[in-house]
Amino acid sequence: MAQEDVFKKIVSHCKEYGFVFPSSEIYDGLGAVYDYGQNGVELKNNIKQYWWQSMVLLHENIVGIDSAIFMHPTIWKASGHVDAFNDPLIDNRDSKKRYRADVLIEDQIAKYDEKIAKEVAKAAKKYGDAFNEEEFRTTNARVLEHQQKRDALHERYTQAMNAGPDLQELRQIILDEEIVCPISGTRNWTEVRQFNLMFSTEMGSTADGAMKVYLRPETAQGIFVNYLNVQKTGRMKIPFGIAQIGKAFRNEIVARQFIFRMREFEQMEMQFFVKPGTELEWFKQWKETRLRWHKALGFGDDHYRYHDHEKLAHYANAATDIEFLMPFGFKEVEGIHSRTNFDLSQHEKFSGKNIKYFDPETNESYTPYVIETSIGVDRMFLSIMCGSYCEEKLENGETRVVLKLPAALAPVKLAVLPLVKKDGLPEKAREIIDELKFHFNCQYDEKDSIGKRYRRQDAIGTPYCVTVDHDTLNDNCVTLRNRDTMQQERVPISELDHIIADRVSITSLLKTL
Ligand code: ATP
């Protein structure tokens, strides 16, 4: 199946099974804003818990906060967001569609990469075992031509972005590369303009002279402006970290790919404060720690890669993304940045307050350097959905749709199903739930055949189902079915808790880190 079709299926699966709904749907929706349904919210909460516990529970020197969405507007001056949190946009005059100029060019670079990959795949198929990829890449005329064009474009693009960006040059690149609007198919482009991504609103009544405030575009600044409060009240010693989960808002120009790029989304950020000079060592360590966190979910190591940034933000001295293989290619899920002392120094300058750290061991004061790990909850959610969605052909010729969610993240851990709706089986099933509901999320279902009920649970990723049958009333045993293997085993009710809890708990997942 084409990857595009897979993605469409995942999007409709999310809606059909109560994971994600378009916001304000009965009013035809609101661009790039989504709501999480009954299963979505559970999965999302589990992702947040997995992240929070891996940070705050497993590290003595990391604590959490929850700062407000509204902050003093000068914070966004100091952080550079008022002046520089812009995207270069361009419109197509025929389709009236708006695009990010940088994204159009990056897509064009990706097209050259795809062409090269296709040539390589074709040759690999043709030559079989005798194929030498390295030799092919360095000698094949067509590959060399694509590579040369790609590199030249990449170089030109990097220079344009580093020069401000140079908006005219970005437009010229789009024209020279003959990039067309995917909707109208024309090259009738406007000028490129800068567009600030922050949403603003007013605080206080207008009669009093209302103050323009912003909806935060990242949670990080709430950590920076509280860094000294936490350090002092928590008697934290450097190195230490502050973690936060919260909403962020960006007026994205082009909202694409479902919950990949939203206008209201959630971030999980951790800022780690270190001694100047040690930051690159810590950067390396956090890069590894974070990748381990992702890989522990079991989707396969080939689903992840680092993308080290060549073009660094002016305040960063190292940056990398962790990318996940979505149906539409490898995409950023998390950013890890070495932000130097830029943010704290800026806040010191703009607020006029001394926010230096006094190191009791060396008797010196300094502005700490910061390593940031920043991950979008929604993007993580999407990557998990993409990694889990599976259509399987069964021996009887039927197809089942199953979400192979990591058990610890699954919305429902156990479904309890009475074989029939009579003979005391429903009551027995309820008894089991009443016992287990304190330990994990259980669901009761008595409607339709057992087969159909299994399918419904497969579709929402429930790792275990138990069936209560007539024998259960005598032997106090149930049939336990595993979602992935579909194997069934007979187990005593008294052991259910012990068997399941361990396999579905976030604690067990954390222990694998
Ligand atoms: P992109 O290049 O995709 O716009 P970014 O580099 O601007 O992302 P950061 O500012 O580093 O992103 O934000 C950290 C994380 O927040 C990202 O890795 C992503 O998971 C998430 N994120 C950022 N913007 C959005 C958005 N519009 N919708 C959903 N998640 C987002």
Practice task
Starting at the first residue of region 224-233, write each ³J(HN,Hα) from the Karplus equation 6.51 cos²θ - 1.76 cosθ + 1.60 with θ = phi - 60°, in whole Hz, x for Gly and Pro.
Solution key: 4, 6, 9, 4, 6, 4, 5, 4, 6, 6
Practice task
Could you rank the peptides 267-277, 475-485, 456-466 by their average count of other C-beta atoms within 10 Å per residue, with the highest value first?
Solution key: 456-466, 267-277, 475-485
Handout entry: Förster radius 45 Å - calculated FRET efficiency between LEU197 and GLU489 (Cβ-Cβ, nearest 0.05)
Key = 0.25
Completion exercise
So the angle from the long Cα axis of helix 3-16 to the longest Cα principal axis of the chain, reported in degrees to the nearest 10, equals 60 degrees
Fill in the blank from the handout: Residues of region 110-129 with backbone N under 15 Å of the label point set 7 Å from the Cα of THR139 along Cα→Cβ are 123-124, 127-128
Fill in the blank from the handout: Mean separation of Cα contacts under 8 Å (at least 6 apart) over the residue count of the chain, i.e. the relative contact order in percent, is 14 percent
Problem - Karplus 3J(HN,Hα) series, Hz, for region 85-94 with 6.51 cos²θ - 1.76 cosθ + 1.60 (x for Gly, Pro) - result: 8, 10, 10, x, 10, 9, 10, 9, 5, 7
Fill in the blank from the handout: Once amide hydrogens are built 1.01 Å from N within the peptide plane, the residues lying 5 or more places from THR340 or on another chain with amide H under 5 Å from its amide H are ASN317, VAL370
Handout entry: Stretchable slack from HIS307 to ASP129, in nm (0.36 nm times residue separation minus alpha-carbon distance)
Key = 61.1 nm
Problem - Distant-in-sequence amide H partners of PHE240 (H built 1.01 Å from N, under 5 Å) - result: PHE273
Practice task
Calculate how steeply helix 167-176 sits against the longest principal axis of the alpha-carbon atoms of the chain, using the helix alpha-carbon long axis, and give the answer as 0 to 90 degrees to the nearest 10.
Solution key: 70 degrees
Problem - Coil-residue trypsin sites (Lys or Arg not before Pro) of region 258-314, DSSP, other Cβ within 10 Å capped at 13 - result: LYS311
Practice task
Would you kindly state how much longer the chain becomes between ASN482 and SER508 on full extension, computed as 0.36 nm times their sequence separation minus their alpha carbon distance, in nm to one decimal?
Solution key: 7.6 nm
Fill in the blank from the handout: Loop-resident GluC sites (Glu not before Pro) in region 48-140 with no more than 15 other Cβ atoms inside 10 Å, DSSP not H/G/I/E/B, are GLU60
Completion exercise
Taking r as the C-beta separation of GLU281 and SER345 and R0 as 30 Å, the FRET efficiency to the nearest 0.05 is 0.90
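Using a Förster distance of 30 Å, how high is the FRET efficiency between VAL120 and GLU392, based on the Cβ-Cβ distance and rounded to 0.05?
Working: r = 30 Å, r/R0 = 1.01.
It comes out at approximately 0.50.
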Problem - Amide proton proximity set for GLU266, modelled H, under 5 Å, gap of 5+ - result: ALA248, VAL377, ASP378
Exercise for the section: Specify the angular offset, from 0 to 90 degrees and rounded to the nearest 10, of the alpha carbon long axis of helix 377-388 from the longest principal axis of the alpha carbons in the chain. Expected result: 50 degrees
Handout entry: Cross-link pairs LYS8/LYS331; LYS97/LYS331; LYS9/LYS126; LYS15/LYS287; LYS149/LYS331; LYS48/LYS232 - those with Cα-Cα distance over 25 Å
Key = LYS9/LYS126; LYS15/LYS287; LYS48/LYS232
Exercise for the section: Multiply the residue separation of SER365 and PHE21 by 0.36 nm, subtract the distance between their alpha-carbon atoms, and state the gained length in nm to one decimal. Expected result: 118.8 nm
Exercise for the section: Restrict the search to region 209-258; then list the trypsin sites (Lys or Arg not before Pro) that DSSP places in a loop and that have at most 14 other Cβ atoms within 10 Å of their Cβ. Expected result: ARG235, LYS237, ARG256
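Only the coordinates and a few stated rules stand behind these numbers; no lab work does. Being a predicted model, the structure only gives us computed values, none of them experimental. Don't worry about glycine lacking a Cβ; one is built from the backbone with ideal geometry, like all the others, and counts go over all protein chains shown.
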